[in-house]
Amino acid sequence: MKPDYIPYVEELIELAIREDIGDGDHTSLASIPRDARGKMKLLVKQEGIIAGVEVAEMVFRRLDPEISFEKLIDDGTRVKPGDVAFYVSGRTITLLQAERIVLNIMQRMSGVATQTSYYVERLDGLETQVIDTRKTTPGMRVLEKTAVKLGGGGNHRMGLFDMILLKDNHIDFAGGIVPAVEGVKRYLAEKGKSLAIEVEVRSLEDIDRVLAVGGVDRIMLDNFDIETTKKAVEKIAGRAQVESSGGITFDTLRDYAECGVDFISVGALTHQIKSLDMSLKAVEE
């Protein structure tokens, strides 16, 4: 995880603690002695790619800086039922307070990483990279995009701030591709910013317009069929990166990649996933 993103994760952890613990974990406080100590293990119950171990440690240490955390499996590792990712020891009440927060984060991140790994394996031997989109859970984008990378995929832009992407609505509101791209060039020059420029196109004629105006780093082919994608790749031919997007399924993924596109963006990596089954279990000492 990039250091720049750690503050986002820390804010997410704070929110998760507030919404779950509120004014106190009254069940644990009422039934467990304040000075009781315990140990738990993260037990994997389903095959997949594990993600979120690093964040789990952050959650435990936020609740108790003196916690003992023993990591056995690194993020991004393929796991199977029965594997133990880590042991954690400390105040029993702390362990119980962290349990659901840790599981919610790790199960979802591991689900994203596992889903991504299937798409990456589908393109084995090809140079095309599967990348994510902004179709993420609000507030969890950093974690979900981190999980995509752990699953072997790539990240598109993090948000609206780190890349220019002129989509259909931008182009329509701006009056067309040429005025939209020219407006972006002026804006970046005025602001002294150096951001990659990507333009979404809806036809081969749109590609001609993008290439004519120039200065574009990547062209996104929106809902192109296979034959039109092949023609588009030939037309662009080294003048910009090519990304396919829209209407691409797991079954058609490799067909599009074989057209020679550089990237295929897949929203399903983050918004159509199944959480990986795992649990935190008490360990007798």
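The values are calculated or read from the model by the stated rules, or taken from the named source; none is laboratory data. The structure displayed is predicted, hence computed values, not measured ones. Methodologically, a virtual Cβ is constructed for each residue, glycine included, from the backbone with ideal geometry; neighbour enumeration extends over all protein chains shown. Side chains are part of the model used for accessible areas, which takes the heavy atoms of the whole protein and leaves out ligands, DNA and RNA. Shrake-Rupley method; radii C 1.70, N 1.55, O 1.52, S 1.80 Å.
Annotations for the structure displayed:
- Arg122 being farther than 30 Å from Asp255 by Cα and of a type in the set (Lys, Arg): no
- Qualifying residue in segment 149-164 (condition: assigned to a helix (DSSP H, G or I) and closer than 20 Å to Gly52 by Cα): yes
- The one condition in (1) in a helix (DSSP H, G or I); (2) open to solvent by 80 Å² or more (accessible area, probe 1.4 Å); (3) touching a helix residue (DSSP H, G or I) at 6+ places or on another chain (Cβ under 7 Å) that Tyr118 fails to fulfil: (3)
- Residue, surrounded by the most Cβ atoms within 10 Å (Cβ to Cβ), within segment 13-48, restricted to residues that are of a type in the set (Asp, Glu) and in contact (Cβ under 8 Å) with a residue 12 or more places away in the chain: Asp25
- Checked against the criterion of being under 30 Å from Arg122 (Cα atoms), within 29 Å of the chain's Cα centre (by Cα) and surrounded by 22 or more Cβ atoms within 10 Å (Cβ to Cβ), the candidates Ile197, Ile219 yield just one match: Ile219.
- Under the condition of being open to solvent by 20 Å² or more (accessible area, probe 1.4 Å), farther than 22 Å from Glu227 by Cα and not charged (D, E, K, R), the residues counted in segment 261-282 number 5.
- Among the residues of segment 60-110, just one is surrounded by 16 or more Cβ atoms within 10 Å (Cβ to Cβ), touching a residue at least 60 places away in the same chain (Cβ under 8 Å), within 17 Å of Glu285 (Cα to Cα) and hydroxyl-bearing (Ser, Thr, Tyr), namely Thr92.
- Every residue from segment 121-139 that is charged (D, E, K, R) and buried (at least 21 other Cβ atoms within 10 Å of the Cβ): Asp132
- Scanning segment 75-103 for residues that are of a type in the set (A, V, I, L, M) and farther than 25 Å from Ala113 by Cα gives Ile93, Leu95, Leu96.
- Qualifying residue in segment 155-163 (condition: open to solvent by 60 Å² or more (accessible area, probe 1.4 Å), charged (D, E, K, R) and under 30 Å from Thr77 (Cα atoms)): no
- Screening Glu285, Glu258, Glu182 for residues that are charged (D, E, K, R), over 30 Å from Val79 (Cβ atoms), open to solvent by 20 Å² or more (accessible area, probe 1.4 Å) and more than 27 Å from the chain's Cα centre (by Cα) leaves exactly one candidate, Glu182.
- Restricted to helices (runs of 4 or more DSSP H) entirely inside segment 167-285, those with at least 2 residues that are within 30 Å of Asn104 (Cβ to Cβ) and out of contact with any strand residue (DSSP E or B) (no Cβ under 9 Å at 6 or more places or on another chain) are 268-271.
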